[in-house]
Amino acid sequence: MSKPGKSAGGSNGSIGAVTIDIVADILEWELLAVINDWVYRVEQEPDLTCIPMNFEERTGHLPHLLRDVIKRLRLDEGTKAPISAAAAHHGDLRRKQGYTVAMLVEESRLLQVTIFTTLHKNVKHLEFCTLLPQIVTIADEVDAQLKQQMLRFMAADAADKAKSK
């Protein structure tokens, strides 16, 4: 499958020209690889694997969170990013599965590491003049998603405490 992109060899689109793609495209093409690389990293962390889960339970949220990152990368500059409903749902889910706040933070950190590693593996396709702002956008979106997860997690904790009084 050919990846569309801007030709670095001029506007003639000649065969053999190096393509320069935007980060969102790379993440879209590499979605399954990002998920598999992320779960591999998670499986190396005893603090996360102490709660047994199958592949779907552990990764089912990732396509949604990654699509939110991709959508955010494609927003026009200055456009306010929507709040990730997928992140809020993920916070609820992980709390029900027995995660702690620290575990959610670690998952989020591993997601950023995995995304940035994927970009590094695809460096020959990146347009360097736009890379840093897109990395900032990715970090901001993943952190915003983590905030949503935390808000839902803490709201559920507060609700449980109120019920037990």
Taking Cα atoms, the helix 85-96 axis meets the longest principal axis of the chain at an angle in degrees (rounded to 10) of 40
Listing Leu75, Leu119 by rising number of other beta-carbon atoms within 10 angstrom, fewest first, gives Leu75, Leu119
Length gained, Lys121-Ala156, 0.36 nm per residue minus C-alpha separation, equals 8.7 nm
Mean projected area, convex hull of alpha-carbon positions in the stretch 22-163, reported to one decimal in nm², is 8.8
Longest principal axis of the chain (C-alpha) makes with the long axis of helix 128-163 (C-alpha) an angle, in degrees to the nearest 10, of 10
Note to self, the chain gives a 222 nm [θ] from helices alone (DSSP H runs n ≥ 4, -39500 (n - 2.57) apiece, / all residues, nearest 500) of -21500 deg cm²/dmol
Relative contact order as a percentage, the stretch 44-149, C-alpha pairs under 8 Å and 6+ apart, gives 44
Ordering 141-151, 46-56 by per-residue average of other C-beta atoms within 10 angstrom, highest first, gives 141-151, 46-56
Checked against the positive end of the charge dipole of the chain (+1 on Cβ of Lys and Arg, -1 on Cβ of Asp and Glu, about the Cα centre), the farthest of Ala85, Ala139, Asn54 is Ala85
Tilt, helix 101-121 to longest principal axis of the chain (alpha-carbon atoms), in degrees rounded to tens, equals 10
So Arg67 and Gln97, fully extended at 0.36 nm per residue minus their Cα-Cα distance, gain in nm 8.5 nm
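Contour minus end-to-end for Glu43 and Glu56, with contour as 0.36 nm per residue of separation and end-to-end as the Cα-Cα distance?
Additional length available on full extension: 3.3 nm.
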Amide H neighbours of Leu126 at under 5 Å, excluding residues fewer than 5 places away on the same chain, with H built from the backbone geometry, are Asp21
Mean Cβ-within-10 Å packing, highest first, puts peptides 86-93, 156-163, 103-110 in the order 86-93, 103-110, 156-163
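A short reminder: the numbers here are calculations on the coordinates, not readings from a lab. These figures come from a predicted structure and were not determined experimentally. For neighbour counting, all protein chains shown are included, and Cβ atoms are generated from backbone atoms with ideal geometry for every residue, glycine included.
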